[in-house]
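First up is the structure itself, then whatever we jot down about it.
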Amino acid sequence: MIRLYDHELCADCYKIRLLLNLLGLEWKTHRIDFHPGREHESEWFLRINPLGRIPVIVDGDFTLRDAQAILVYLAAKHDESGRWFPSGDARTCAEVAMWLAFAGALTATASAARLHEGFAHDLDVDRARSGAHRLFRVLDEHLWFAEQEGRGWLCGPEHPTIADIACFPGVMLSEEGGISRMPYPALRRWTDRVKRIRGFVPMPGIFPA
């Protein structure tokens with residue numbers, strides 16, 4: 001069974017839990033005392049992930065860190081439909097990879113601002129917020145043009161991909177970092193669509209549709 005090293009309030013951990021639920025998979029949770037215990041920096045955890053970051057999964061004898069890489073692995077291994085990570089289509093596969101990298105940028109900006117506000121992390125919060133708004137403008141424009149073409153998702157017209165799952169938590173939790181979503185209507189419509197995916201599960205700060 002998959003073991004997930006997890007913290008309930010972590011946006012990157014939530015995206016893994018969300019995909020596990022959407023794929024109907026079973027897993028075992030190992031809860032990490034991220035705050036205030038900083039267990040992710042403990043000696044025993046650094047043997048699992050020398051970078052000291054969550055989430056991490058262990059699947060049999062395979063250990064994998066980095067949220068976006070975990071999404072790829074879970075979808076490629078367990079989604080028989082091939083819709084969550086359409087690796088057979090070169091263009092869509094490349095678009096998914098592009099938005100997975102974009103999700104990493106959301107973590108470094110919107111999620112960083114949230115860490116500053118909620119977990120007292122020492123960082124330049126104004127710079128993080130400014131960077132998040134720049135990314136939100138890019139995302140909102142992309143989604144608006146997609147809607148004009150009848151497409152509801154980041155990379156395809158009919159079904160979401162792991163790109164949507166990767167970007168969703170950083171956007172939805174942005175208000176906790178002092179970053180408003182109100183100026184981005186296409187972005188807000190997209191988050192509502194994600195919440196209506198069959199199998200969607202909430203987390204603290206992210207509520208059902």
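Nothing in this text is a laboratory measurement; each read-out follows from the coordinates by a stated rule. Note that this is a predicted model, so its numbers are computed, not measured. We place every Cβ from the backbone using ideal geometry, glycine too, and count neighbours over all the protein chains shown.
Structure notes:
- Selection from Pro160, Ala103, Ala69 lying farthest towards where the dipole of the chain points positive, charges on Cβ: Pro160
- 3J(HN,Hα) from dihedral phi, the stretch 166-173, Karplus parametrisation 6.51/-1.76/1.60, rounded to Hz, x for glycine, proline: 5, 7, 4, x, x, 6, 5, 9
- Added length on full extension, which subtracts the Cα-Cα distance from 0.36 nm per residue, Arg151 to Met182: 9.0 nm
- 3J(HN,Hα) from dihedral phi, the stretch 6-15, Karplus parametrisation 6.51/-1.76/1.60, rounded to Hz, x for glycine, proline: 9, 9, 4, 8, 7, 5, 5, 5, 4, 4
- Additional length obtainable on full extension of the chain from Met1 to Asn21, 0.36 nm per residue less Cα span: 5.8 nm
- Within the stretch 2-78, the proportion of Cα pairs with more than 15 Å between them is 50 percent.
- Estimated translational D of the stretch 92-209 in µm²/s (Stokes, Kirkwood radius over Cα pairs; 10 °C; 1.306 mPa s): 110 µm²/s
- Taking Cβ atoms as reference points and 13 Å as the exclusive limit, the residues near Trp153 contribute a net charge of -1, counting Lys and Arg as +1 and Asp and Glu as -1.
- Annotation: the residues Leu4, Leu106, Leu51, sorted from fewest to most other C-beta atoms within 10 Å of their own C-beta, follow the order Leu51, Leu4, Leu106.
- Net charge dipole size for the chain [Lys, Arg +1 and Asp, Glu -1 on Cβ; Debye, nearest 20]: 300 debye
- Overall form of the stretch 128-169 per C-alpha gyration tensor (a/c, 1.5; a/b vs b/c): oblate
- Remark on Ile2: its backbone amide H falls under 5 Å from those of Lys28, a criterion applied only to residues 5 or more positions apart or on other chains, H modelled at 1.01 Å from N.
- When Met203, Met98 are sorted by how many other C-beta atoms sit within 10 angstrom of their C-beta, beginning with the fewest, the order is Met98, Met203.
- When DSSP beta bridges are restricted to pairs lying wholly in the chain, around 60% turn out antiparallel.
- 3J(HN,Hα) from dihedral phi, the stretch 85-94, Karplus parametrisation 6.51/-1.76/1.60, rounded to Hz, x for glycine, proline: 9, x, 6, x, 10, 4, 5, 5, 4, 5
- Nitroxide proxy distance, nm - points 7 Å out along Cα→Cβ at Glu80 and Met98: 3.3 nm
- Among Glu141, Glu39, Glu80, residue whose mean-square fluctuation peaks in a GNM of the chain (springs only between Cα atoms under 10 Å): Glu80
- Within the chain, Cys93, Cys155, Cys167 have no other Cys Cβ under 4.7 Å of their Cβ and so lack a disulfide-compatible partner by this rule.
- Inter-label distance, Ser130 to Ala209: 3.7 nm, where each label sits 7 Å from its Cα along the C-beta direction.
- Reducing the stretch 6-27 and the stretch 188-208 to their Cα centroids gives an inter-centroid distance of 13 Å.
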